[in-house]
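Asks: Provided herewith is a single structure, encoded as C-alpha cells, for subsequent inquiry.
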C-alpha cells in the first residue's frame with residue numbers, strides 16, 4: 001500500500017524565501033507543491049534541490065505555474081496540486097511582490113496599488129478560502145500533528161512605515177487581519193493559522209538596497225546585526241507546519257533578529 005505523506009503547497013517557491021521554505025519542508029519529510037508565477041527554470045531548480053534532500057523516497061515535488069492574483073489561476077493551482085499530489089495538508093502563502101517603481105505616497109498610482117494588492121492580499125485571502133473549503137467539505141484525514149496549517153508570510157512592513165512603497169506596507173498590514181480572520185474561523189475545525197513576519201531579508205527584492213542596509217545593520221538597526229536568510233524563514237515555517245505549537249493559532253511570529261523591538 002502506498003504510503004501517504006503530508007503535502008504542503010508553497011506559493012512563490014521558485015526563489016528566495018519560498019525556495020528556503022520548500023527546501024526545509026522537503027528535508028523534514030513533506031511532499032511539496034512548488035508554485036511559481038513566471039520563472040519555470042527556477043522552480044525546477046527548487047524541485048531538484050528538494051529531491052536531493054528528501055529523507056523518504058515516497059516524497060514528491062512538483063512545480064505548478066499560477067499567478068495567485070488571478071481567480072482562475074488560483075483555482076487551477078489547487079486543482080493541479082490535488083491531482084498531482086493527492087491532498088493538501090498545509091498552505092504557505094509566501095508569494096509577494098514589491099511595487100515595480102518606488103514612489104512617495106503622494107505619487108503612488110492606482111495601477112501599482114492594485115498590482116501589489118492582487119498578489120499580496122487578495123490572492124492569499126482567496127487561496128486560503130479555496131483550500132479551507134476543501135478541508136471543510138472533503139474532510140480529508142489530517143496527517144499533521146494538531147491538524148491542518150495555514151501560514152501567511154507577511155513582513156515587518158506590516159507595522160513599519162516605508163513612504164516609498166506604501167502599497168506594500170498596506171498589503172502586509174491587511175494580511176495581518178487576514179491571519180486573524182482565518183485563525184478564528186478555522187480554529188474549531190482543527191486548523192492552525194499563523195502570521196510569519198520576516199524582517200530585513202537577503203533576497204532579490206532587497207538586492208537593490210543592499211549597501212544601504214549593510215550600513216544600517218552595522219549601526220544596529222537589527223539587534224542581531226545581520227541579514228535574515230531564506231533558511232531562517234524555512235526553519236520557522238518548518239516548526240509551525242510540523243505542529244510544534246499545538247495550542248496556538250493566529251499568532252504573529254517575527255523572524256527579524258529583534259528588529260521589531262522598540263528601543264530608547
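Every read-out reported here was derived from the displayed coordinates using simple, explicitly stated rules and does not represent laboratory data. Given the structure is predicted, the values throughout are model-derived calculations rather than measurements. Backbone-built Cβ (ideal geometry, glycine too); neighbour counts: all protein chains shown.
Asks: Step by step: first the residues of segment 217-242, then only those that are assigned to a helix (DSSP H, G or I) and without any contact (Cβ under 8 Å) to a residue 12 or more places away in the chain, then the one that is nearest to residue 162 (Cα to Cα). Which residue is that?
Replies: So, considering only residues that are assigned to a helix (DSSP H, G or I) and without any contact (Cβ under 8 Å) to a residue 12 or more places away in the chain, the one nearest to residue 162 (Cα to Cα) is 218.
Asks: If you don't mind, there's one more thing I want to ask. Could you check how many residues of segment 161-196 are part of a loop (DSSP other than H, G, I, E, B) and either touching a residue at least 12 places away in the same chain (Cβ under 8 Å) or under 14 Å from residue 122 (Cα atoms) (or both)?
Replies: 2
Asks: Got a sec? Which of 87, 145 is surrounded by fewer than 23 Cβ atoms within 10 Å (Cβ to Cβ), touching a strand residue (DSSP E or B) at 6+ places or on another chain (Cβ under 7 Å) and in contact (Cβ under 8 Å) with a residue 24 or more places away in the chain? Talk me through it step by step, then tell me what you get.
Replies: On the way: 145 fails: touching a strand residue (DSSP E or B) at 6+ places or on another chain (Cβ under 7 Å).
Criteria check complete, one pass: 87.
Asks: For segment 90-112, which residues satisfy the criterion of being assigned to a helix (DSSP H, G or I) and surrounded by fewer than 16 Cβ atoms within 10 Å (Cβ to Cβ)?
Replies: 110, 111
Asks: Here is a follow-up. Can you name the residue in segment 129-142 that is closer than 16 Å to residue 76 by Cβ and in contact with a helix residue (DSSP H, G or I) (Cβ under 8 Å, 6 or more places away or on another chain) and, of all such residues, is surrounded by the fewest Cβ atoms within 10 Å (Cβ to Cβ)? Show your work before the answer.
Replies: Narrowing segment 129-142 to residues closer than 16 Å to residue 76 by Cβ: 129-131, 133-134.
Imposing the further condition that a residue be in contact with a helix residue (DSSP H, G or I) (Cβ under 8 Å, 6 or more places away or on another chain) reduces the set to 130-131, 134.
On the way: 130: 16, 131: 25, 134: 18.
Filtering segment 129-142 for residues that are closer than 16 Å to residue 76 by Cβ and in contact with a helix residue (DSSP H, G or I) (Cβ under 8 Å, 6 or more places away or on another chain), the one surrounded by the fewest Cβ atoms within 10 Å (Cβ to Cβ) comes out as 130.
Asks: Here is a list of conditions, (1) within 21 Å of residue 93 (Cβ to Cβ); (2) in contact (Cβ under 8 Å) with a residue 24 or more places away in the chain, and residue 47 meets all of them except one; can you say which number that is?
Replies: The single condition residue 47 does not satisfy is (2).
Asks: Give segment 79-89 a look and list any residue that's assigned to a loop (DSSP other than H, G, I, E, B) and in contact with a helix residue (DSSP H, G or I) (Cβ under 9 Å, 6 or more places away or on another chain), or say none.
Replies: Step one: filter segment 79-89 for residues assigned to a loop (DSSP other than H, G, I, E, B), giving 86-89.
Within segment 79-89, 87, 88, 89 qualify.
Asks: Something else about it: Filter segment 157-188 down to the residues that are farther than 26 Å from residue 132 by Cβ, touching a helix residue (DSSP H, G or I) at 6+ places or on another chain (Cβ under 8 Å) and buried (at least 19 other Cβ atoms within 10 Å of the Cβ) and list them by number.
Replies: Answer for segment 157-188, where residues must be farther than 26 Å from residue 132 by Cβ, touching a helix residue (DSSP H, G or I) at 6+ places or on another chain (Cβ under 8 Å) and buried (at least 19 other Cβ atoms within 10 Å of the Cβ): 165, 167, 169.
Asks: If you don't mind, another one. Pick from 73, 59: which is closer than 30 Å to residue 4 by Cβ and assigned to a loop (DSSP other than H, G, I, E, B)?
Replies: Sole residue among the options that is closer than 30 Å to residue 4 by Cβ and assigned to a loop (DSSP other than H, G, I, E, B): 59.
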